[in-house]
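Undergrad: The structure follows.
The values are calculated or read from the model by the stated rules, or taken from the named source; none is laboratory data. Treat the numbers as computed from the prediction; the structure is a model and nothing was measured. Methodologically, a virtual Cβ is constructed for each residue, glycine included, from the backbone with ideal geometry; neighbour enumeration extends over all protein chains shown.
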Amino acid sequence: MLFLSIGRIIKKLLKPMALALLIISCEQQNTSKTNAWLQLQEIVDSVVVPAFPNKIFNILDYGAITDSTTNNTDAIKKAIEACSLSGGGIVLIPKGKFLTGPIHLENNINLHLNEGAEILFSTNLDDFPIVHTSYEGTELMNFSPLIYAKGKTNIAITGKGILNGQASNDFWWSWCGKESYGWKDGDPKQHTSLTKLKEGMSEKGVPVEKRVFGKGEYLRPSFVEPFECNNVLIQGVKIINAPFWVIHPIKSTNVTIDGVTVESHGPNNDGCDPEYSKNIIIKNCTFNTGDDCIAIKSGRNEDGRRVNIVSENIVVQNCKMIDGHGGVVMGSEISAGVRNVFVENCEMDSPNLERAIRIKTNTKRGGFVEDVYVRNIKIGQVKEAVLKINLFYGIYGVQEGEFMPRVSNINLENIQVENGGKYGILAKGYAEQPITDITLKDVTIKKVDSVYALENVTNINFINTHINGIPMKSL
């Protein structure tokens, strides 16, 4: 009896102690999340926006002809070389339509398109040199991206003109192998080339310089690709009709993408894909795409683990997402991991926008996503979910391996949703490694078919959150 009495006394003492510890833990967690937003400004302040000498090199002075049919590759190259040799400046694309092959930037070059200027990129495969690039998170030697820079510092693409990749169902897009993009039975498609690259080369550790593709293979180039670059600005231009991923900073640092409009509804037409990159600012942009609007990457499977560079310090501000598979997405090529993603003051609205915030990977990809902060978002309509986390993602069938993905600390704050589609939260993790620490604070979803569908998810915190008019309780 004495032991029972002592036990009861101890329990009475422990209850308030446990409650106090829980309160302290919650307060520390809230303080940590508040301090996280201070990091956003630190990231923004750290990003160097390139500046250029006030010297103008007009491509007309180097033989360019504005008739939409003359190939101006050499004229633009000469203007860039002259500008670079003089210490840098502005390579000017004046009003008019200029056909060209891929453009390769040098240090201290600002490729500036005047209003009314349009660069039309060639549809002749012979105009595309083979360079070190990447396809869906796997490095290779392939067709040059349409605008490319390798290992350069202080570069920019600016102005009010148009970059037109001229991709369509007649050129580039049909290679994806879908009839909706012009492919017909018997036509070549990318699948054989992908198998060769991923299973025949990447999985076997073949060096990148020996992974040579190009003509005779069917892997489309990215549109704008700063590769291993530092201090990059892409500002003001409109980009249309992309072969593949549209803006792809890879292994790059200090990149600002400001006021760019992307309108391209082809296959794999992601709007912006930072990969293995750090300190990336995407602001004041409009994305109307055939795939994810913004998709943060860090390599695919063996290649991602080989390179092993985390994508981090990614800031998305004041952007508008229209059509797309997702508004802001992490994955699926994410094997090296993603952290410190900040999204604020954006609008997402389209019956063709499938999800607002999306995380996707699998046990063959592995990787991690942690410390994602989203606030002040207005969502008119999405088709499937406001937040979707899928750790069983597989577009080419089942993709399973031994690399357990990890997702933690995902935060949504002050999110106003008119129509959330099928689910408020759709999240599926693993029993061995559950998705953990999801917080929705001051979130209102006025209409959604199902509040949530969860599998192997722990510690979901609802703070002043209402879905379908019902106040939510933490799980």
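Undergrad: Just checking: which of the strands (runs of 3 or more DSSP E) contained wholly in region 343-459 hold 1 or more residues that are of a type in the set (Lys, Arg)? Quick ask: steps written out before the conclusion?
TA: On the way: elements: 355-360, 368-381, 385-390, 406-419, 423-428, 435-447, 450-455.
Ranges flagged: 355-360, 368-381, 385-390, 406-419, 423-428, 435-447.
So that you can scan it fast, the table gives a plain yes or no per residue for (1) of a type outside the set (Gly, Ala, Ser); (2) in contact with a His (Cβ under 9 Å, 6 or more places away or on another chain); (3) surrounded by fewer than 18 Cβ atoms within 10 Å (Cβ to Cβ):
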| residue | (1), (2), (3) |
| --- | --- |
| ALA156 | no, yes, no |
| SER168 | no, no, yes |
| TYR181 | yes, no, no |
| LYS189 | yes, no, yes |
| LEU194 | yes, no, no |
| SER202 | no, no, no |
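Undergrad: Pairs under 7 Å by beta carbon, first residue at positive phi in region 367-381, partner surrounded by fewer than 24 Cβ atoms within 10 Å (Cβ to Cβ), six or more apart or different chains?
TA: GLY367/GLY337; ASP371/ALA36; ASP371/ARG339; ASP371/ASN340; ASP371/ASN409; ASN376/GLU344; ASN376/ASN345; ASN376/ASN414
Undergrad: What is the number of the single condition among (1) surrounded by fewer than 24 Cβ atoms within 10 Å (Cβ to Cβ); (2) under 14 Å from the mean Cα position of the chain (by Cα) that VAL329 does not meet?
TA: (1)
Undergrad: Working carefully through the options VAL260, VAL212, find the one that is hydrophobic (A, V, I, L, M, F, W, C) and not assigned by TED's automatic domain parsing to the domain that holds GLY165.
TA: Details: VAL212 fails: not assigned by TED's automatic domain parsing to the domain that holds GLY165.
The conditions single out VAL260.
Undergrad: Assess whether ILE460 counts as being modelled with pLDDT of 95 or more, over 25 Å from the mean Cα position of the chain (by Cα) and on the phi < 0 side of the Ramachandran plot. Explain how you work it out, then say what you get.
TA: Values: modelled with pLDDT of 95 or more: yes; over 25 Å from the mean Cα position of the chain (by Cα): yes; on the phi < 0 side of the Ramachandran plot: yes.
It is true that ILE460 is modelled with pLDDT of 95 or more, over 25 Å from the mean Cα position of the chain (by Cα) and on the phi < 0 side of the Ramachandran plot.
Undergrad: While we're looking at this one, here's another question. Quick one: count up the residues across region 94-139 that are assigned to a strand (DSSP E or B) and either among the basic types (Lys, Arg) or at positive phi (or both). Lay out the reasoning, then the answer.
TA: Of the residues in region 94-139, the ones assigned to a strand (DSSP E or B) are 96-100, 103-104, 109-113, 117-121, 130-135, 138-139.
Filter once more, keeping what is either among the basic types (Lys, Arg) or at positive phi (or both): 96-97.
The total comes to 2.
Undergrad: Please enumerate the residues belonging to region 178-192 that are closer than 19 Å to THR123 by Cβ and either under 25 Å from the mean Cα position of the chain (by Cα) or assigned by TED's automatic domain parsing to the domain that holds ASN301 (or both).
TA: Here is the first cut: in region 178-192, the residues closer than 19 Å to THR123 by Cβ are 181-184, 187-190.
Passing the criteria: TYR181, LYS189, GLN190.
Undergrad: Return the residues of region 416-451 that are closer than 20 Å to LYS360 by Cβ and either modelled with pLDDT under 95 or surrounded by fewer than 20 Cβ atoms within 10 Å (Cβ to Cβ) (or both); say none if nothing qualifies.
TA: Scanning region 416-451 gives LYS422, LYS428, TYR430, ALA431, GLU432, GLN433, PRO434, THR436, ASP437, SER450.
Undergrad: Can you list the strands (runs of 3 or more DSSP E) lying wholly within region 197-307 that have 3 or more residues being farther than 27 Å from GLY182 by Cβ, in contact (Cβ under 8 Å) with a residue 60 or more places away in the chain and not hydrophobic (A, V, I, L, M, F, W, C)? Spell out how you get there, then give the answer.
TA: Details: elements: 224-227, 230-235, 238-240, 253-258, 261-264, 278-283, 286-289, 294-296.
By residue number, 230-235.
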